[in-house]
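No lab work stands behind these numbers, since they all come straight from the coordinates. What you see is a predicted model; the values in this text were computed from it and never measured. Backbone-built Cβ (ideal geometry, glycine too); neighbour counts: all protein chains shown.
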Amino acid sequence: MKAKLIALLLVAGGLLFAESRFSVIIGGGPGYYPVQGGPYRSYQRQDLREDYRDIQRDYAQVDRLRADIARDRYQLHEALEDGDEWRASRIARDLARDQRALDALLRDIARDHRDIRHDEQELYRDRYRGSWRR
């Protein structure tokens, strides 16, 4: 009796292995893989559009900050030529604050570019791989 049970378990285990190998080779049956797309894909597209809009706003802010920095440098140069140390120190503080804001904004833009690359790779992953799972 024990021998029959062991033989039956070996046959059943072999069939399970054969089925899992068949699924891996062929790609599983219908419904085996989740359907690509749907609401998550729509969310990804919306997130990608928001990232692009955010970068556009950030670049507009970069342009404003760079203009402020150029104006502050000019005014600092004028204040130093006039010998007005109080005004020069105030402009220098403003210049340093604008420069820190610009540096932070450029780091934010770099993160946004990384997010966009990641979102595009995830959104178009099947297209790049030539996937057969659509």
Can you classify segment 57-130 as rounded, prolate or oblate using the Cα gyration tensor, where a ≥ b ≥ c are the square roots of its eigenvalues, rounded means a/c under 1.5, and otherwise it's prolate if a/b beats b/c and oblate if not?
prolate
Could you please report the charge total around Ala96, scoring K, R as +1 and D, E as -1 over all other residues with beta-carbon less than 14 angstrom from its beta-carbon?
0
With R₀ set to 35 angstrom, the calculated FRET efficiency between the beta-carbons of Glu85 and Ala60, to the nearest 0.05, is 0.50
